[in-house]
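A short write-up of the structure that comes next.
The values are calculated or read from the model by the stated rules, or taken from the named source; none is laboratory data. Given the structure is predicted, the values throughout are model-derived calculations rather than measurements. Here the Cβ positions follow ideal geometry from the backbone for every residue, glycine too, while neighbour counts run over all protein chains shown.
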Amino acid sequence: MFWSGEAGGVARYLRSKHQWLEAKPEWRHSIVTPAGEAHEVRRVRSLPLPGSAGYRVPIGRARATALMRRLAPDIIEAGDPYQLAWAALDAGQQCSVPVVAFCHSDLESVVADRLGTWAERAARRYLRNLYSNFDAVLAPSRWMARRLEELGVERVVRQPLGVECEVFHPRRRDPDWRSSIGVSPETHVLLYAGRFAAEKRLSRLVEAVRLLGPGHVLVCIGNGPQRPSGERVIVLPYHRDAEVLARAIASADVFVHAGESETFGLAALEAMACGTPVVGVAAAGIGELLVPEVGARIEERSAGAFADGVRSVLAREQTSLRAAARAHALGFDWSVTFTQMVERYRRLRQMSVPAPIPQARYAG
C-alpha cells in the first residue's frame, strides 16, 4: 500500500530492485499493489484513500491472495502492515514458501501522534500479532529493529535500504535549476523531498527558513494532505523520474528533514549521494545515517535549532563536506544492499520448508 504514483521512497526502492533483478536471470520480481501503472505492477482492486498523496486501499484479501498464488512465488515480501500483509501470509501458507515483512513505516508512532496513547497501545498489539506470523521481519535501521524487538517481535533482521549512486550523483548539480524556479544564484536553497504529512514536521522547516531570514528559501518537492506554505517557501510537484529529483537535490545547498519517526531516511541518503549536506533530527533511522561529516544532527526539536543547524552547515568548507556526504552514501549503493537482501532470500529458501503456520488472524 505504500506504493504511490505521487510520492514515495518505497516505490523507488521497488523500482530499483526490479531493475537490478532484471539483470539476474535466476530471479523474477513481481510487484502486487493497489496503485501504479499497469505495465510495471500487478494491480489488485482498490479504492482511493483521500488526502494520502495517491495511496489506495485494496478491496478483498482473498483476491489479492489468489493473485499472489498465480504468480507461483518462491518467496514473498510484504511491504506494508495492512491488508496486503495478511494476504501475503495467506499466499505463503498456501504455496508453502517463506514470507518476509519489510518494515517501511513506524505505524506505532504515526498512530500515537494522530490519535493518542490508547491508539498507540492498540497499534502495538496489532503489530505484534501481525509480525509474529512472518519468517523474517526486515528492519532498515537499528532503531527500527529495537522498536520491533521491544514489541516482542522475533526473527527481526536489520537490512538497510540503499541508493542508486549513479542516478543520485553530484554531477546532477545544475546552476540553471535555480533560475528555473525563480531563485537567484546567491540565495541559499534548503530542500525537502517527500510526502507532505503531519509526521514530517514541515511546519518546523517553514519556521526555520523564516528565522534564517532573507537570502534563504525552502523548496519542498512532493505531495500530500499538509501542503507547506509560508514566507520564502516554494512548493514543486513530485516527479517520479529519479533523475529529475536528483537534479533538484544536487543543486540545493542543504537537504532538510524534520521527521522524527523515519525508519531509514531514504531521501536523506539520496541527498548524500548527490553530495548535498543534510540537516536532520538526531532520532530514528535518519539519526543513524547522519554522521557529523555529512551535515548536522539536531538534538532539540525546534525551528530555532534547525535554523542554527543550517547556519552551521553553510559556514563549513563546502567541497570537503560534499565529498564526505558522497563517500558515506557509496557504502549504501544498491549493488551492496540488494546483494545482502537476495542472500537473505536464498538462505530462507534453503531452509527446510516450515510447518504450515496457523491461519493468519486478520485484526481490523
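Can you find a residue in region 184-201 that is surrounded by fewer than 21 Cβ atoms within 10 Å (Cβ to Cβ), more than 30 Å from residue 15 (Cα to Cα) and in contact with a strand residue (DSSP E or B) (Cβ under 7 Å, 6 or more places away or on another chain)?
yes
Being in contact (Cβ under 8 Å) with a residue 24 or more places away in the chain and part of a helix (DSSP H, G or I) is the filter here; which residues of region 328-342 pass it?
Of all residues in region 328-342, those in contact (Cβ under 8 Å) with a residue 24 or more places away in the chain come to 328-330, 332-338, 340-342.
Correct list: 328, 329, 330, 334, 335, 336, 337, 338, 340, 341, 342.
Has region 204-214 got any residue that is in contact (Cβ under 8 Å) with a residue 24 or more places away in the chain, of a type outside the set (Val, Ile, Thr), surrounded by fewer than 19 Cβ atoms within 10 Å (Cβ to Cβ) and touching a strand residue (DSSP E or B) at 6+ places or on another chain (Cβ under 8 Å)?
No, there is no match, as no residue in region 204-214 is in contact (Cβ under 8 Å) with a residue 24 or more places away in the chain, of a type outside the set (Val, Ile, Thr), surrounded by fewer than 19 Cβ atoms within 10 Å (Cβ to Cβ) and touching a strand residue (DSSP E or B) at 6+ places or on another chain (Cβ under 8 Å).
Please pick out the residue among 110, 99 that is touching a Phe, Trp or Tyr at 6+ places or on another chain (Cβ under 6 Å) and within 22 Å of residue 150 (Cα to Cα).
99
Looking only at region 34-53, decide whether some residue is part of a loop (DSSP other than H, G, I, E, B), crowded, with 19+ Cβ neighbours inside 10 Å, at pLDDT below 95 and touching a helix residue (DSSP H, G or I) at 6+ places or on another chain (Cβ under 6 Å).
Yes, some residue in region 34-53 is part of a loop (DSSP other than H, G, I, E, B), crowded, with 19+ Cβ neighbours inside 10 Å, at pLDDT below 95 and touching a helix residue (DSSP H, G or I) at 6+ places or on another chain (Cβ under 6 Å).
Do the conditions hold for residue 183, that is, is it touching a helix residue (DSSP H, G or I) at 6+ places or on another chain (Cβ under 9 Å), β-branched (Val, Ile, Thr), at pLDDT 95 or above and in a strand (DSSP E or B)?
Values: touching a helix residue (DSSP H, G or I) at 6+ places or on another chain (Cβ under 9 Å): yes; β-branched (Val, Ile, Thr): yes; at pLDDT 95 or above: yes; in a strand (DSSP E or B): no.
Considered against the rule, which asks whether it is touching a helix residue (DSSP H, G or I) at 6+ places or on another chain (Cβ under 9 Å), β-branched (Val, Ile, Thr), at pLDDT 95 or above and in a strand (DSSP E or B), residue 183 comes out as no.
Go through region 73-96 and report how many residues are aliphatic (A, V, I, L, M), outside any strand (DSSP E or B) and either surrounded by fewer than 20 Cβ atoms within 10 Å (Cβ to Cβ) or under 21 Å from the mean Cα position of the chain (by Cα) (or both).
Of the residues in that region, 4 qualify.
List the residue pairs whose Cβ atoms are under 7 Å apart, where the first residue sits in region 288-302 and is under 17 Å from residue 260 (Cα atoms), the second is surrounded by fewer than 23 Cβ atoms within 10 Å (Cβ to Cβ) and polar (S, T, N, Q), and the two are 6 or more positions apart or on different chains.
296/312
For region 255-263, check the following and say yes or no: at least one residue is of a type in the set (Val, Ile, Thr) and part of a loop (DSSP other than H, G, I, E, B). Outline the logic, then answer.
Keep residues of region 255-263 that are of a type in the set (Val, Ile, Thr), which gives 256, 263.
Checking which are part of a loop (DSSP other than H, G, I, E, B) leaves us with 263.
So far as region 255-263 goes, yes, one or more of its residues are of a type in the set (Val, Ile, Thr) and part of a loop (DSSP other than H, G, I, E, B).
Among the helices (runs of 4 or more DSSP H) confined wholly to region 107-158, which include 2 or more residues that are at pLDDT 95 or above?
117-131, 142-150
Looking at (1) in a helix (DSSP H, G or I); (2) within 25 Å of residue 105 (Cα to Cα); (3) in the same structural domain as residue 234 (by TED's automatic domain parsing), find the lone condition where residue 178 falls short.
The one condition residue 178 does not meet is (2).
Give the residues of region 1-33 that are buried (at least 19 other Cβ atoms within 10 Å of the Cβ) and aliphatic (A, V, I, L, M), sorted by residue number.
Once the filter is applied, which keeps residues that are buried (at least 19 other Cβ atoms within 10 Å of the Cβ) and aliphatic (A, V, I, L, M), region 1-33 yields 1, 7, 10, 11, 14, 32.
Filter region 264-277 for residues that are touching a residue at least 24 places away in the same chain (Cβ under 8 Å), assigned to a helix (DSSP H, G or I) and of a type in the set (Gly, Ala, Ser) and give the result.
267, 271, 273
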